[in-house]
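Enquirer: Okay, here's the structure, questions in a sec.
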Amino acid sequence: MKKTIKVAAVMVSLSFSTVLYQSQCYASDLQKVRIQPAQEWLQATRSIIYCTVNSPPLTQISSHAEAELKSVKPVGSIVKAGELVAEQDGFYLSRGMDILKTDLEIAERQLSHAEEELARLMPLREAQMVSPSQLNDLKLNASTFRLSKQRLKQQLEIDQYRFERLKHFASRDSQVLQVEAHPGERLTQGQRILQLLPLNEKQLECLVPRDQVGMNLAIQKNEFRYDGEPLSLKNIGRTMDGDTQNLSLYFDGHGKHFESLLVGQRFQIAMLTPTGPREKAGNITKLPSDAVLLEGGKYHTWALGLENKVRKVEVEILDTLADHFIVISEIQPGDQLVVLGNGNLQAGQEVVPVDRDS
Amino acid sequence: MNIIEKYSPVIISCGLLLICLGVFYGVKIPNTLLPNIDRPQIALATSWPGKTAMEIEQALVAPLEQELSSLGFLEEIQTTISNGFAWTLITFHSNADMEQMYIDVLSRLNQVPNWPSQVSAPRLYNFSNGAGATLASFFLYSTNQATEQELSQAFRDHVQPAFSKIPGVASVTVAGTPIEQRIDIEFDPRGLTQASLTINEVQSRLSDLVDRSGGNLTIGSREYALHFKGQIPIADIEKLPIATRGPHIIRLGDVAKVKNRMASDWNYFALEGNRSFYFYLMPTEDINVLNTIDMIKTLISDLNEGELGRLGMEVAISRDDSKSIRNSLQLVYSSLILGAFLACIILYWFLRDFRTLVLIFTSIPACIALVILGLYLGGRSINVISLAGIALSIGLMVDAAIIVIENIQRLRGQGASLLTSIRQGTKEVTGALTASTISSVIVFLPILAMQSATGQLFTDLAYTISSALIASLLFALLLLPALARHLLKDSPQVNPKGRTQSLNRILQRWTAISVIPIGRVTFRNCVLVLGLPVALLVTYLSSPSVDVLPDPKQAMISTFINFEGPMAVEVVEREVGQVIMDRIEQGKGRFEEQIVTYGTLCYPTMCHLYIYTQGDWDFEAFKKWIDKDIVSGLIGTRIHTQQGGLLRFAMPNSRVSQLDIKGAELPVLQAAGRDLLEHLRSEFPGAQILEGSALSNRGLRIEFEPNQDQLIRMGMTLPEFNRHLMALTDGIYIGNFYTGTNTLPFYFKAKEPANLEQLLNTEIMIAGQGLIPLRQLTSAQITQAPDSILRVGQEVSTSLNLTPPTGVAMKDFTEQVDRSVLAFLNKSQYGDLHTQFRGSANELKLFLQEFFQIFCVALLILALLMYFALRSLKLALAVLFAIPLSFAGGMLSLRLLNLFVMQNLDVITMIGFVILMGLVVNNAILLVNQFQSSINKGMHQFDAIKSAVSLRIRPIMLTTTTCIFGNLPLVLSPGDSAAIYRGLATVITGGMLFSALFVLGFMSAMLSLKVFAAHRINPTSVVRELTPEGGI
């Protein structure tokens, strides 16, 4: 009995060790592969478009009056809104205005006299003590003096307006771009003194090739990002460059992240085109480039399935990043893909997955 | 004979002089592992860094092959093309005048049309002057992180000049770590666009940076040469103005930087963890390998302590074959000495006379000295083959002396005086000795005529053995009689047979056994009828498998790590090379004493790890350690570990055959190759079956398809656009300019883009259009292209490399593979394709054809010689019939040897049978000669046989046993290198043993036939008898 138990124990242990050994042998026969997961990607294709910062309309500061230019800000000066940028001398204008005031008073006195005389002689008309022409003359005088007064008043208003605009202020934060008059110069009316470049009113113009826009110029659905920040599309150009076949897109240049951009500067933004209805169904994912294999003109990858068995999945490359491909396929984000050891794999083959860090 | 008596002191003096000369030249003669093999091959190495295999094929290889195809004596052109490199091997017919072929190839190279100016002319390697094997290989590494340029510069300045001066070194060749440099004027595309510069604008300012001369100008009484400076020193080139923008001058340094970089990426080569620069030495034709390697070691020591030490660098030998060569030669030397000692013992046992022994034994050093003198004068070397030939000849060297001395002593025993005995005794055997020597030597003539590369191995063997035999004859007929006059003067006149009673009894008994067939007809007929067929049957049944060459092992282990696809060199270094180096460094503890050195050579498709060992090491233990701890976990690799072979550099690829597949376009050939590879791997799991050429397009490339419509709108031509692309990637070649120290190629190129996206987003300035991003002008697509292409006979082919499993002979393996391949192709859709073997299998086939021819020729020559010597066709045939018996002995010995060590029927062993043929007929000749003489004296046939056997048994046994015991150390030597000649020695030893045991009995039976019972065998004597005096 004891002998039988002993023998049985030996047999059982031998069987176990055989099974274990076989399983180890079997395991050691399995091919090892390195795996990495597929990553999520925006359901859109991303392309780079090239933009320039356009200058907004420049602010022109011109002389309203004929007056000497007393001072002007030099080129390059940064001025705040409301800051004095140029000043003209008002002496002649103010004396002119005084003369006008005197003329206006004279005209007022004359008018008053004429109205008084008319009022005095009107009752005498009934007594036929005064001629109609004489009365008409008095009426004419009164009208003339009235109009003269009006004209003088208007003249005075104009001069007053000019006088008030002898000092020129920046309407917004700007930079003096160009100075066309010099201090001491007697300016004429309408003569340009300087040009101001508004600082916070940049316009971004971006060029998109026709091929990327599509037949229906359906570009409004696209998203635009600069340094990750969204950009809102302001306008789409209605003309296309004859040579380059580029379409212009216009964006607002407001915002802190545009502060550093200078007019004339070239930069790039990302345009994300959502994937619309497509021939092939699938997800857009980001795969490690080592996971994508090319064979017979088609791309595929090996995905790890249940029980560590691999399956071959065809993919279509949409875009290329540094070490990744953006593909459309059945691959889901998080699926484990074979990046090393994918030579001679067969569909359904069991493998031993190894992480990158192991 | 009077001359010998008269001038014996002169003869002895001359003999001594020749012996001294032999010793002197023995020290001077070159030592190598194997004889130089002249292959009728010339190879061309073409390098064009940065270009794909397809581009090189189209631009360089196809026109080159076209030009070479008109060469005379051309057998085959084979080219292997990979990215950046092509290797063209031109094989000529064996009767081609290789010097003329070399000149023809050189002249053809200059006529290849449209050879690009920036591609250097191909480098030539002439294998027809024994230049196939490399001498040694080295690593140059830095202990303080020197750059690749610094290592290259140190190599140029210090290492290469020093090594080139060593006698025996033909050239110093760099491999895997190319030293070519280039100057890149590297611009940032953004910098150009910011300055609104076009690439053409900048490039045009960089062309033609050379000084020029403009004649002379006379001022006063002096003439002044006019020199126009154009060359700009490298340090100042960034100051070169290239454009103006208003008052501002834009200089080159504002938009670009000048960088000196290596023209090609280095593979990862490392010695004991140190990343290294690698080079090897090619030997001259007449090199003394051991001396040269000793000089190299001294030079290395000087360099490491001197200039290199100051730079923090060291040179180390990666592969030092001198140890193997020394060990191998010492093994043969010791076998030689031991063989001589054993032969001496046997001689004494037979002769029992010290003076006689000394006389006979003197023939050994005398003949060896003469053989070495002959080797030196013949421009040969001391190598394993020639030394083995000398060792095999130990027994043969004493043969002639034994026969002469025996005869002299016999006559002295009969009462003749010393001088008379010497004179008469020498004269009596001169004819027989000469005939037997000629018969032994003449079989080597066909061997000397062998032209195949493998057959050239035996020239030294034939040379030494035939020299030894001739020296032995000369010694026996000239020097021995002269010495005997003095040495035997005072010795008693005793027949040596009187001193060896026990031996005599044995010989008598053996004689009695040998002549049994004479009196018994049935037994005789059985012996005769069955003897030959049984011998032939035994020969056939016991023959081991046929192989090309023996596979002597070396104290070295190689592990090949093959990747599933080509990888970038930096990835290989990081993921494989450095990993295995670190693991060895950490885990070598228990093997430290056995490891001499270790290193790794990594390429884009594979890594080769090697470890040289010493002392008592176990291959299996090392293999287990490597498989478990060093290379385990390397995903995506196929690992193969084997012990190093001694002949791998002397005879590269001696166990590798190529199977070429041809007859269709590359994609079809690749598909067929892949399917066939899988099929053969499953059929022969123990063999190493690898891709010989790429079986899939593993070369990944990005194809740029220009938008032609856009280009035309931009006013840009396609070549102009491609120049832009080249500028943005590899660079536009500007020209070769002098940098102050070297002339280097200058390239104008953009900063390397980080990735494809960045490249496509690069804006380029197009005149009149402004800045246009690249992606608007071109699309990019990843495609596959072949990273290597094989062309055989100017036809694209694919190939598989086949190495049989350890212990399986090449012939068996290739036959099995051939059958399997044919069956596979017939069943598959590749029935239209055809295959052919190259390499080792082909060499074996050629050798076997050649061997069969020389065997038949040797047999025919022997037959004719026997006929003229014996003047009887019947007797000649009788002698020849003794040969198969010895062959049976040779084959049985090989079979017996196989019980202890693996010994196939390789080409060296096969030659043993040819040599054996020439040796065994000697015994039969002696017997038949004596029989003939007895018959001519009127003796009865049977009595003549008995007389011949009894008279000749002693010398036959003496010569045979000395030969056997002289060869025995070669058979029993346990050293690794003994595998080269062990089979050869076994065949000769076994064959001679069988000859000694059975030839006497067989010949007795043969000679007892009635056809040999003629009253006189000699036809001249027969005619005299039949014609009474006075005529008929």
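Enquirer: Going by the conditions given, is A:Glu117 modelled with pLDDT under 95 and either among the aromatic types (Phe, Trp, Tyr) or touching a helix residue (DSSP H, G or I) at 6+ places or on another chain (Cβ under 9 Å) (or both)? Steps first, please.
Expert: On the way: modelled with pLDDT under 95: yes; either among the aromatic types (Phe, Trp, Tyr) or touching a helix residue (DSSP H, G or I) at 6+ places or on another chain (Cβ under 9 Å) (or both): yes.
The answer is yes for A:Glu117.
Enquirer: Does region B:298-310 include one or more residues that are in contact (Cβ under 8 Å) with a residue 12 or more places away in the chain, among the acidic types (Asp, Glu) and crowded, with 16+ Cβ neighbours inside 10 Å?
Expert: no
Enquirer: Go through (1) in a strand (DSSP E or B); (2) open to solvent by 30 Å² or more (accessible area, probe 1.4 Å); (3) over 30 Å from B:Tyr733 (Cα atoms) and name the single condition B:Thr80 misses.
Expert: It fails just one condition, (3).
Enquirer: Answer yes if at least one residue in region A:316-337 is in a strand (DSSP E or B), at pLDDT 85 or above, of a type outside the set (Phe, Trp, Tyr) and farther than 29 Å from A:Arg225 by Cα, and no otherwise.
Expert: yes
Enquirer: Go through region B:783-821 and give me each residue that's of a type outside the set (A, V, I, L, M), open to solvent by less than 30 Å² (accessible area, probe 1.4 Å) and within 14 Å of chain A (Cβ to nearest Cβ).
Expert: B:Thr783, B:Pro786, B:Asp787
Enquirer: Please go through region A:46-90 and pick out each residue that is open to solvent by less than 40 Å² (accessible area, probe 1.4 Å) and on the phi > 0 side of the Ramachandran plot.
Expert: Hit for region A:46-90 is A:Gly76, nothing else.
Enquirer: May I ask you to list the residues in region A:289-315 that are open to solvent by 40 Å² or more (accessible area, probe 1.4 Å), assigned to a strand (DSSP E or B) and more than 14 Å from A:Ile331 (Cβ to Cβ)?
Expert: Correct list: A:Glu295, A:Lys298, A:Lys309.
Enquirer: Give the residue that is least open to solvent (accessible area, probe 1.4 Å), with candidates limited to residues of region B:188-214 that are among the small types (Gly, Ala, Ser) and more than 14 Å from every other protein chain (Cβ to nearest Cβ).
Expert: Here is the first cut: in region B:188-214, the ones among the small types (Gly, Ala, Ser) are B:191, B:195-196, B:204, B:207, B:213-214.
Now drop any that are not more than 14 Å from every other protein chain (Cβ to nearest Cβ), which leaves B:204, B:207, B:213-214.
Working: B:Ser204: 74, B:Ser207: 57, B:Ser213: 99, B:Gly214: 33 Å².
So, considering only residues that are among the small types (Gly, Ala, Ser) and more than 14 Å from every other protein chain (Cβ to nearest Cβ), the one least open to solvent (accessible area, probe 1.4 Å) is B:Gly214.
Enquirer: Among the residues of region B:714-747, write down those that are more than 17 Å from B:Gly230 (Cα to Cα) and within 46 Å of the chain's Cα centre (by Cα).
Expert: Matches in region B:714-747: B:Met726, B:Thr729, B:Asp730, B:Gly731, B:Ile732, B:Tyr733, B:Tyr747.
Enquirer: Something else now. Evaluate the following for A:Leu100: is it open to solvent by less than 30 Å² (accessible area, probe 1.4 Å) and of a type in the set (A, V, I, L, M)?
Expert: yes
Enquirer: Give region A:340-358 a look and list any residue that's under 19 Å from A:Ser289 (Cβ atoms), modelled with pLDDT of 80 or more and part of a loop (DSSP other than H, G, I, E, B), or say none.
Expert: Result: A:Gly341, A:Asn342, A:Leu345.
Enquirer: How about region A:90-146: which of its residues are assigned to a helix (DSSP H, G or I) and among the β-branched types (Val, Ile, Thr)?
Expert: Passing the criteria: A:Ile99, A:Thr102, A:Ile106, A:Thr144.
Enquirer: Name the one entry in B:Ile287, B:Ile296 that is in the same structural domain as B:Phe155 (by TED's automatic domain parsing) and assigned to a loop (DSSP other than H, G, I, E, B).
Expert: B:Ile287
Enquirer: Now a separate question. Take A:Ser148 and decide whether it is at pLDDT below 95, surrounded by 15 or more Cβ atoms within 10 Å (Cβ to Cβ) and under 30 Å from A:Ala81 (Cα atoms).
Expert: Against the criterion (at pLDDT below 95, surrounded by 15 or more Cβ atoms within 10 Å (Cβ to Cβ) and under 30 Å from A:Ala81 (Cα atoms)), A:Ser148 does not qualify.
Enquirer: I'd like the full set of residues that are part of a helix (DSSP H, G or I) and touching an Asp or Glu at 6+ places or on another chain (Cβ under 6 Å), limited to region B:533-580.
Expert: Matches in region B:533-580: B:Val569 only.
Enquirer: OK, next. Take region B:701-716 and flag every residue that is within 11 Å of chain A (Cβ to nearest Cβ), open to solvent by 20 Å² or more (accessible area, probe 1.4 Å) and of a type outside the set (D, E, K, R).
Expert: B:Ile702, B:Asn707, B:Ile712, B:Gly715
Enquirer: Moving on. Out of everything in region A:316-337 that is touching a Pro at 6+ places or on another chain (Cβ under 8 Å) and touching a residue at least 60 places away in the same chain (Cβ under 8 Å), what residue ends up being least open to solvent (accessible area, probe 1.4 Å)?
Expert: A:Leu337
Enquirer: Would you check if there is a residue in region A:300-321 being small (Gly, Ala, Ser) and either closer than 18 Å to A:Arg46 by Cβ or within 14 Å of chain B (Cβ to nearest Cβ) (or both)?
Expert: Checked region A:300-321: no residue is small (Gly, Ala, Ser) and either closer than 18 Å to A:Arg46 by Cβ or within 14 Å of chain B (Cβ to nearest Cβ) (or both).
Enquirer: Name the single residue, out of those in region A:212-225 being open to solvent by 30 Å² or more (accessible area, probe 1.4 Å) and modelled with pLDDT of 85 or more, that is farthest from the other protein chains (Cβ to nearest Cβ).
Expert: Residue satisfying both the conditions and the ranking: A:Glu223.
Enquirer: Regarding region B:245-265, can at least one residue be identified that is in a strand (DSSP E or B) and free of Cβ contacts under 8 Å to residues at least 12 places away in the same chain?
Expert: So far as region B:245-265 goes, yes, one or more of its residues are in a strand (DSSP E or B) and free of Cβ contacts under 8 Å to residues at least 12 places away in the same chain.
Enquirer: Cβ-Cβ below 7 Å, separation at least six or inter-chain, first residue in region A:187-202 and closer than 7 Å to A:Ser63 by Cα and part of a strand (DSSP E or B), second open to solvent by 20 Å² or more (accessible area, probe 1.4 Å) and not hydrophobic (A, V, I, L, M, F, W, C): which pairs?
Expert: Close Cβ pairs (under 7 Å, with a partner that is open to solvent by 20 Å² or more (accessible area, probe 1.4 Å) and not hydrophobic (A, V, I, L, M, F, W, C)) amount to A:Leu187/A:Glu66; A:Arg192/A:Gln60; A:Arg192/A:Ser62; A:Arg192/A:Glu180; A:Ile193/A:Ser62; A:Ile193/A:Glu180.
Enquirer: Can you name every residue in region B:163-187 that is among the small types (Gly, Ala, Ser) and open to solvent by less than 20 Å² (accessible area, probe 1.4 Å)?
Expert: B:Gly168
Enquirer: Same structure again: Given the criteria at pLDDT 80 or above, assigned by TED's automatic domain parsing to the domain that holds B:Ser381, in contact with an Asp or Glu (Cβ under 9 Å, 6 or more places away or on another chain) and crowded, with 21+ Cβ neighbours inside 10 Å, does B:Ala482 qualify?
Expert: The answer is yes for B:Ala482.
Enquirer: Also, quick follow-up: Among the residues in region B:764-782, are any within 45 Å of the chain's Cα centre (by Cα), surrounded by fewer than 20 Cβ atoms within 10 Å (Cβ to Cβ) and at the interface with chain A (Cβ under 8 Å from one of its Cβ atoms)? Let's see the steps before the verdict.
Expert: Restricting attention to region B:764-782, the residues satisfying the condition of being within 45 Å of the chain's Cα centre (by Cα) are B:782.
Next, from what is left, pick out any that are surrounded by fewer than 20 Cβ atoms within 10 Å (Cβ to Cβ): B:782.
When the remaining residues are screened for being at the interface with chain A (Cβ under 8 Å from one of its Cβ atoms), the result is B:782.
Yes: one or more hits.
The values are calculated or read from the model by the stated rules, or taken from the named source; none is laboratory data. Fair warning: this is a prediction, and the values are worked out from it, not measured in the lab. All Cβ positions, even for glycine, are placed from backbone atoms using ideal geometry, and neighbour counts span all protein chains on display. Areas reflect the complete protein model, heavy atoms only, side chains present, ligands, DNA and RNA absent. Shrake-Rupley method; radii C 1.70, N 1.55, O 1.52, S 1.80 Å.
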